[in-house]
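The values are calculated or read from the model by the stated rules, or taken from the named source; none is laboratory data. Because the structure is predicted, anything quoted here is derived from the model rather than measured. Every residue, glycine among them, receives a Cβ derived from its backbone with ideal geometry; neighbour counts consider all protein chains shown.
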Amino acid sequence: MDPLFLSRVQFALTSAFHYIYPPLSIGLGLFLVIIEGMYLKTGDEGYLKLTKFWAKIFGLTFALGVATGLVQVFGFGSNWANYSRYVGDVFGSALGAEGVFAFFLEAGFLGVVLFGWDRVSKESHYLSTILVCLGAHFSAIWIVVANSWMQTPTGYKIIGEGAQARAVVTNFLEMALNPSSVDRLTHVILGCWITGALLVVSVSAYHILKKKHVDLAKRGLKIGLYGALAVLVLQLYSADVTARGVAKHQPAKLAAMEGVFKTNPEGEGTALTAIGYVDTKAEKVVGWKLPGLLSMLIYRNDKTPVPGLDQVPRDEWPNVQVVFQSYHLMIAAWGLMFVIAAVGAYKLKRKTIEKAPFVLWALILSVFLPHVANFTGWMTAEVGRQPWVVYKLLKTADGVSPNITGGQVAGSITMFVVIYTMLFAVFIFLLNNKIQLGPTDDDASVYRDPYLGKK
Amino acid sequence: MELQIFQIIIYTIACAALFFYLILDGFDLGVGILHLFAKGDKERRIFLNAIGPVWDGNEVWLVIIGGVLFAGFPDVFGTLFSGFYTPVMILLAGLIFRAVSIEVRSKHPSPKWRSIWDIVFAVASILIAAAVGAVLGNLVVGLPVNEDGHFTLSIFRFFGPYQLLLGVTAVALFAMHGAVYLLMKTEDELQEKLKNWVKPAIIAFLALYLVLTVATIAFFPEMVATMNKYKFFYIVPVLGFVALLNVANMVAKERFGRAFISSCIAILFLVAVYVIGTFPVLIRSTISPEYSLTIFNSSSQILTLKYLTLIAAIGVPLVIAYGTYIYRTFRGKVVLTEHSY
């Protein structure tokens with residue numbers, strides 16, 4: 001019942017559950033801007049129906065994002081008080097900016113988007129949709145900037161000693177534009193767009209399969225599928241840039257990601273393990289190796305060796321197996337998404353999608369893949385940074401609150417597991433209701449007095 | 001000297017955030033507290049939709065309080081949330097259930113579904129209000145902050161008598177505030193019903209507040225030390241009392257907008273009483289005064305405080321500007337449409 005271990009578990013669980021929702025909000029936010037824009041441009045009522053349908057789903061994902069997001073910010077203080085004390089001076093202002101510039105914007109104008117249809121002009125409503133989308137994207141910026149500072153800290157100095165030591169900001173821009181912020185923000189936003197796109201694709205494919213609202217579903221599918229494909233390609237480029245950034249600034253993490261235990265001698269490039277099993281005790285990876293390819297990817301030549309874990313003190317190694325497998329799973333998820341999206345786009349272009357139930361099913365089930373990629377990606381980033389919570393500055397073990405007990409955390413974990421399971425059930429139940437109803441005019445969940453005829 | 005000015009500025013911003021949270025989410029919570037007194041699906045939907053378009057934005061002020069503490073007084077943020085570990089978890093459960101209940105309550109026609117979520121909405125709102133009150137109560141009572149700047153607290157000590165009193169007073173305050181808000185948003189019989197609730201709500205709150213004041217003066221004289229020293233400050237609770245009376249006055253005259261503003265002003269003076277009583281202490285130590293966390297010994301360094309001030313200076317006017325636009329878009333009586341909750 002170690003409070004440190006339990007706090008790690010709790011943070012992992014609450015973050016994983018929370019992270020289902022903001023990417024959906026960000027991706028769907030962009031999608032709403034596109035389809036409501038099409039409505040304003042073409043005047044086609046079909047796009048209006050589509051907008052109202054997806055706006056309701058957006059409202060649901062947003063509400064759950066808020067509910068689970070409060071847990072995240074309070075969790076910094078409750079379980080990680082020493083970490084909060086250490087970093088508050090550095091990126092506390094970034095998080096303050098997130099609240100002031102992002103949360104108010106999206107939460108505020110969402111009211112107009114969901115409830116203001118009959119109260120404001122078409123143009124004002126569209127502006128509100130744009131502002132909600134902008135707010136959602138802003139909220140990604142600041143939290144990724146803060147997390148990136150934890151990975152590649154700059155723009156700070158350390159004051160105090162020992163247990164009283166803390167980081168303080170010396171330059172806001174240097175802190176915000178640390179070496180990994182831009183790469184990681186791009187990677188995260190692209191991932192969010194894919195997440196939203198594949199939800200649209202999945203629901204649209206489902207409607208086409210059930211031969212309901214086919215015309216509207218095809219419009220959604222077109223935008224979602226071609227969008228997903230384009231962004232998946234962009235994501236490949238972003239992945240390359242980001243990974244090379246990790247190689248430069250967090251060599252221990254890169255070594256764990258790729259399972260590189262030994263640094264090869266000068267002039268001998270490092271192999272890439274495409275798939276494998278990590279044997280940390282024997283300090284090797286068993287798997288399918290492609291000679292020289294890792295050096296090629298990182299340094300653009302197959303001769304420069306990649307620093308291995310032998311360059312890192314043993315007690316600063318992250319959990320190599322977890323990091324290696326998460327990383328490879330994330331890439332596998334990307335690969336599968338790409339194949340499914342490409343095949344689906346091909347069928348759509350050839351206008352044969354309606355007669356391809358197997359492809360439609362693949363598109364329906366593809367909704368899970370971005371979440372797999374998001375989860376394993378964050379596992380790679382965060383577990384790969386261990387044992388540090390702020391890379392090379394503060395160990396995770398030193399960041400935990402000193403005044404909490406294992407019993408308290410065991411209690412809160414239980415609470416979260418119970419509440420989040422119920423929440424997820426409610427989310428799926430309501431999402432399914434909305435999907436089954438589809439983008440029609442008569443909203444069956446509209447006013448039906450359930451007490452009619454009763455006391 | 002410059003550092004102290006900025007420490008006071010950030011403290012003011014935090015207090016302002018607390019004030020905005022109390023007057024805005026205060027009425028959201030108030031509507032929730034009163035929710036089960038509304039009978040029938042239509043009345044309950046009207047209650048939900050009175051806050052529907054604005055409650056989410058209102059709740060953000062709670063995040064702002066946390067953010068200002070995290071950035072401006074990180075020691076206080078860490079100590080508070082970890083020392084209050086179990087209450088924070090209870091508060092989170094309340095916040096989660098409140099958010100979800102509003103969102104899902106009307107999404108299914110089954111009466112059982114709606115009744116259950118009605119109860120969840122009410123209980124969660126009461127829980128949040130009580131927890132907020134109890135936290136403030138604990139800050140008045142003081143906490144066993146040790147020399148490392150941390151405290152641990154048993155749940156029984158958290159819900160001690162004074163803290164419970166403040167919790168119940170908070171519930172009464174929000175119920176009153178919520179009722180006054182609803183008067184602006186409702187009409188016909190429902191509005192008549194609410195008019196009849198406001199007077200007892202004010203009386204209940206005043207009675208509790210009186211007991212609270214006596215208890216505070218008797219058991220926590222530090223809270224009135226500044227007021228006794230500078231007698232000028234007596235005017236603050238007096239003005240607060242006047243504002244409260246004016247709420248009843250305006251309701252009787254059917255000037256509900258003014259009643260609501262008076263209620264906000266009353267809350268402003270209540271916050272002011274708390275600030276006057278505690279400044280500059282943020283978390284008072286019951287072990288030794290030198291362990292207390294104050295705005296002068298627990299802040300970030302000046303550069304961060306300057307950044308925060310800049311962010312607030314740009315952000316807060318923006319938020320108030322477009323917040324006003326959003327409230328004006330939804331002014332007037334609640335009308336149930338196909339988009340409503």
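Rundown of residues vs (1) within 14 Å of chain B (Cβ to nearest Cβ); (2) at pLDDT below 95; (3) part of a loop (DSSP other than H, G, I, E, B); (4) more than 22 Å from residue A:16 (Cα to Cα), yes/no style:
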site: A:302; (1), (2), (3), (4): no, yes, yes, yes
site: A:331; (1), (2), (3), (4): no, no, no, no
site: A:370; (1), (2), (3), (4): no, no, no, no
site: A:374; (1), (2), (3), (4): no, no, no, no
site: A:378; (1), (2), (3), (4): no, no, no, no
site: A:385; (1), (2), (3), (4): no, no, yes, no
site: A:401; (1), (2), (3), (4): yes, no, yes, no
**Report entry** Count of segment A:304-329 residues which are outside any helix (DSSP H, G or I) and of a type in the set (S, T, N, Q)
**Finding:** 2
Query raised in the report: residue B:121 fails exactly one of the following numbered conditions: (1) more than 30 Å from residue B:283 (Cα to Cα); (2) in contact with a Phe, Trp or Tyr (Cβ under 6 Å, 6 or more places away or on another chain). What is the number of that condition?
Result: (2)
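When you look at residue A:51, is it among the β-branched types (Val, Ile, Thr) and under 16 Å from residue A:204 (Cβ atoms), yes or no? So that I can check it myself, show each step before the final result.
Details: among the β-branched types (Val, Ile, Thr): yes; under 16 Å from residue A:204 (Cβ atoms): yes.
Judged against the criteria, residue A:51 is a match.
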Query raised in the report: Residue check: is residue B:174 surrounded by 17 or more Cβ atoms within 10 Å (Cβ to Cβ) and modelled with pLDDT of 95 or more?
Result: yes
Report summary line: (1) free of Cβ contacts under 8 Å to residues at least 40 places away in the same chain; (2) more than 9 Å from chain A (Cβ to nearest Cβ) all hold for residue B:130 apart from (1)
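From B:88, B:60, which residue is of a type outside the set (D, E, K, R), within 16 Å of the chain's Cα centre (by Cα) and crowded, with 24+ Cβ neighbours inside 10 Å?
Values: B:88 fails: crowded, with 24+ Cβ neighbours inside 10 Å.
Just a single option satisfies the conditions, and that option is B:60.
Answer yes or no: is there a residue in segment A:126-136 that is within 19 Å of residue A:178 (Cβ to Cβ), more than 10 Å from chain B (Cβ to nearest Cβ), of a type in the set (S, T, N, Q) and crowded, with 22+ Cβ neighbours inside 10 Å.
First, pick out the residues of segment A:126-136 that are within 19 Å of residue A:178 (Cβ to Cβ): none.
No - not one qualifying residue is present in segment A:126-136.
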Query raised in the report: Which is closer than 30 Å to residue B:235 by Cα and touching a residue at least 40 places away in the same chain (Cβ under 8 Å), of B:281, B:334, B:271?
Result: B:271
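Within segment A:224-231, is there a residue that is in contact with a strand residue (DSSP E or B) (Cβ under 8 Å, 6 or more places away or on another chain) and part of a helix (DSSP H, G or I)? Explain how you work it out, then say what you get.
First, the residues of segment A:224-231 that are in contact with a strand residue (DSSP E or B) (Cβ under 8 Å, 6 or more places away or on another chain): none.
No: segment A:224-231 contains no residue that is in contact with a strand residue (DSSP E or B) (Cβ under 8 Å, 6 or more places away or on another chain) and part of a helix (DSSP H, G or I).
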Report task. Test each condition in (1) farther than 30 Å from residue A:435 by Cα; (2) part of a helix (DSSP H, G or I); (3) modelled with pLDDT of 95 or more; (4) touching a Gly at 6+ places or on another chain (Cβ under 8 Å) for residue A:235 and report the one that comes out false. Result -> (1)
Report summary line: Apart from one, (1) facing chain B (nearest Cβ under 7 Å); (2) in contact with an Asp or Glu (Cβ under 7 Å, 6 or more places away or on another chain) all hold for residue A:154; the odd one out is (1)
Report summary line: For segment A:257-300, the count of residues that are among the polar types (S, T, N, Q) and either crowded, with 21+ Cβ neighbours inside 10 Å or not in a loop (DSSP other than H, G, I, E, B) (or both) equals 3
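Of the residues B:144, B:109, which is within 8 Å of chain A (Cβ to nearest Cβ) and at negative phi? Spell out the reasoning first.
Details: B:144 fails: within 8 Å of chain A (Cβ to nearest Cβ).
B:109 is the lone residue from the list that is within 8 Å of chain A (Cβ to nearest Cβ) and at negative phi.
Every residue, every condition in (1) at pLDDT below 95; (2) of a type in the set (Phe, Trp, Tyr), yes or no:
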position	(1), (2)
A:121	no, no
A:126	no, yes
A:165	yes, no
A:180	no, no
Requested in this report: Report yes if some residue within segment A:246-253 is closer than 11 Å to residue A:327 by Cβ and among the β-branched types (Val, Ile, Thr); otherwise report no.
Outcome: yes
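Of all residues being in contact (Cβ under 8 Å) with a residue 40 or more places away in the chain and outside any helix (DSSP H, G or I) in segment B:150-166, which is nearest to residue B:77 (Cα to Cα)? Just the residue, please. Spell out the reasoning first.
Going through segment B:150-166, the residues in contact (Cβ under 8 Å) with a residue 40 or more places away in the chain turn out to be B:150-153, B:155, B:158, B:162, B:165-166.
If we keep only those that are outside any helix (DSSP H, G or I) as well, we get B:150-153.
On the way: B:150: 11, B:151: 12, B:152: 14, B:153: 16 Å.
Taking the candidates together, the pick is B:150.
So which of A:81, A:102, A:94 is within 12 Å of chain B (Cβ to nearest Cβ) and modelled with pLDDT under 90? Steps first, please.
Details: A:81 fails: modelled with pLDDT under 90; A:102 fails: modelled with pLDDT under 90.
It is A:94.
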Requested in this report: Kindly check whether there is at least one residue in segment A:6-14 that is in contact (Cβ under 8 Å) with a residue 24 or more places away in the chain and touching a Leu at 6+ places or on another chain (Cβ under 9 Å).
Outcome: no
Query raised in the report: Considering segment B:211-238 alone, what residues qualify as being under 19 Å from the mean Cα position of the chain (by Cα) and of a type in the set (A, V, I, L, M, F, W, C)?
Result: B:212, B:236
Query raised in the report: Which residue pairs have Cβ atoms closer than 8 Å, lie 6 or more positions apart in sequence or on different chains, and pair a first residue in segment A:123-138 that is farther than 18 Å from residue A:63 by Cα with a second residue that is crowded, with 20+ Cβ neighbours inside 10 Å and β-branched (Val, Ile, Thr)?
Result: A:124/A:112; A:125/A:112; A:125/A:113
Report summary line: Counting only residues that are touching a residue at least 24 places away in the same chain (Cβ under 8 Å), assigned to a helix (DSSP H, G or I) and either facing chain A (nearest Cβ under 9 Å) or touching a Ser or Thr at 6+ places or on another chain (Cβ under 6 Å) (or both), segment B:293-304 contains a total of 1
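Conditions tested, residue by residue: (1) more than 9 Å from every other protein chain (Cβ to nearest Cβ); (2) in a helix (DSSP H, G or I).
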{"position": "B:274", "(1), (2)": "yes, yes"}
{"position": "B:307", "(1), (2)": "no, yes"}
{"position": "B:312", "(1), (2)": "no, yes"}
{"position": "B:331", "(1), (2)": "yes, no"}
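Table: residues versus (1) in contact with a helix residue (DSSP H, G or I) (Cβ under 7 Å, 6 or more places away or on another chain); (2) surrounded by 16 or more Cβ atoms within 10 Å (Cβ to Cβ); (3) assigned to a helix (DSSP H, G or I); (4) more than 10 Å from chain B (Cβ to nearest Cβ).
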| position | (1), (2), (3), (4) |
| --- | --- |
| A:412 | yes, yes, yes, no |
| A:418 | no, no, yes, no |
| A:425 | no, no, yes, yes |
| A:430 | yes, yes, yes, no |
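Condition first: free of Cβ contacts under 8 Å to residues at least 12 places away in the same chain, under 22 Å from the mean Cα position of the chain (by Cα) and in a helix (DSSP H, G or I). Can you find one or more residues in segment A:348-361 that meet it? Please lay out each step first, then the result.
Just the residues of segment A:348-361 that are free of Cβ contacts under 8 Å to residues at least 12 places away in the same chain, to begin with: A:349-352, A:355-356, A:358.
After this cut, where a residue has to be under 22 Å from the mean Cα position of the chain (by Cα) as well, the list is none.
No - not one qualifying residue is present in segment A:348-361.
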